[in-house]
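So the structure is just underneath, and the comments pick up after that.
Just so it is clear, none of the values below were taken in a lab; they were calculated from the coordinates. Just so we're clear, the structure is a prediction, and the values are computed from it rather than from any experiment. Glycine also receives a Cβ, built like all others from the backbone with ideal geometry; neighbour counts cover every protein chain displayed.
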Amino acid sequence: MTVRKAIGRAWIGIAAALALASGAAAGPSEKVSFSIIKTGDRLSPESMLFQGGGKAKVEVVYSAILVRHGGQDFLFDTGLGARIDDQYARDMPGWKRRFFYYDKPIVPARAQLAKAGVPAVRRIVLSHSHWDHASGVVDFPGAEVWVSPPERALIAKAGHGADNVWPSQVGDPRLIWKSIDFSSGPYLGFERSLDVYGDGTVVLVPQYGHTAGSVGMFVTTSSGRRFFFCGDTVWSAAAIDAGRPKFWLARTLVDADAGMTLSQVRRMTALHRRDPGLTFVPAHDGRVQARLGYFPAWVE
Ligand SMILES: [Zn+2]
């Protein structure tokens, strides 16, 4: 079965997806927390992450965010999954391997959840579908996977490379792909949003640029702490304060639209100035994530 057919067959529809989301909604009094599941890492000079970064090496992490709302868990991204070695061998072109790699060992999210006695999630939201975010999707067969409509179009055309969607990661016909309908109106400077539980605690926004359909996620925990998970729009939170793009070679290789990505960075810069209490969590920023702590620790 082709990837396109598999995805088409699994597609249920926006209305059904939202019906499930709202049908499963819990009240605003539900406890909300998250835990960062670090699946792997590597070191990189900061200068490779954003324009104007220093020479010192910083930790680049590959993480999945486990969001808990009442009794419901979902993953925002999956980090590196159990089959990453095989996926990488199949779909990462040789010449790009010096730029895009991971160190061993890796500890997949599914294995960490199992070890802690946490049931496998049934829902995954992807910030975008690049290899280091979608690798673990196939470790959760039968899960529904939420992506934005433009990202679904990319997934239907899966191919090779660091800036592509890998057939080895999205081709499992047991995955149920759903398009996010940003129907909840403007939110904190974003024109559109989806309030996942209808209580303002978890809000998805389109953050198109790094990929055609990248998605950001705001989370407000039960204690009132607020976070914005901005995927790969930046690789380092330091780039937000400075309003800087990625290192030029990196943005050439991985940003689908570098200009639009920089606009998204600057929107975050402005947001941070207006709202200094909001913590930005880029997908790969080991400094920010280590400060928050890793699974099985929770941020409440
Ligand atoms: Zn990434």
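Some observations on this one:
- Within a Gaussian network of the chain (alpha carbon springs, distance under 10 Å), most fluctuating of Asp257, Asp285, Asp132: Asp257
- Coil-residue GluC sites (Glu not before Pro) of segment 24-129, DSSP, other Cβ within 10 Å capped at 16: Glu30
- Whole-Hz couplings from phi, Karplus 6.51/-1.76/1.60, listed for segment 61-70; x for Gly and Pro: 10, 10, 10, 10, 9, 8, 9, 10, 10, x
- For segment 35-43, 3J(HN,Hα) computed residue by residue from phi via the Karplus equation (6.51, -1.76, 1.60; θ = phi - 60°) reads 9, 8, 9, 7, 9, x, 6, 7, 9 Hz, glycine and proline entered as x.
- Residues in segment 224-244 reached by a label modelled at Glu30 [backbone nitrogen below 17 Å; 7 Å Cα→Cβ]: 224
- Rounded Å value of the spacing that divides the Cα centres of segment 175-224 and segment 44-106: 22
- Over 28 Å between alpha carbons, listed pairs Lys57/Lys104; Lys38/Lys246; Lys55/Lys96; Lys31/Lys157: Lys31/Lys157
- Listed residues Ser47, Ser148, Ser236, most fluctuating in the chain (Gaussian network, C-alpha, under 10 Å): Ser47
- Here the 3J(HN,Hα) profile of segment 45-53, calculated from phi with Karplus coefficients 6.51, -1.76 and 1.60 at θ = phi - 60°, is x, 4, 5, 7, 8, 8, 4, x, x Hz, Gly and Pro shown as x.
- Candidates Lys104, Lys246, Lys31: whichever shows maximal mean-square fluctuation once the chain is modelled as a Gaussian network with Cα springs under 10 Å: Lys104
- Once the chain from Arg274 to Phe99 is taken as fully extended at 0.36 nm per residue, the excess over their C-alpha distance is 59.5 nm.
- For Lys246, distant residues with modelled amide H under 5 Å away: Gln51
- Rg and Dmax [Cα atoms of segment 74-170; Å; Rg one decimal, Dmax integer]: 13.1, 40
- Gyration tensor (Cα) of the chain, equivalent ellipsoid semi-axes in angstrom: 25, 24, 19
- Dividing the summed -39500 (n - 2.57) terms of all DSSP H runs of n ≥ 4 by the residue count of the chain sets its mean residue ellipticity at 222 nm at -7500 deg cm²/dmol.
- Computed lengthening from Arg90 to Ala242, 0.36 nm per intervening residue step minus Cα-Cα distance: 51.0 nm
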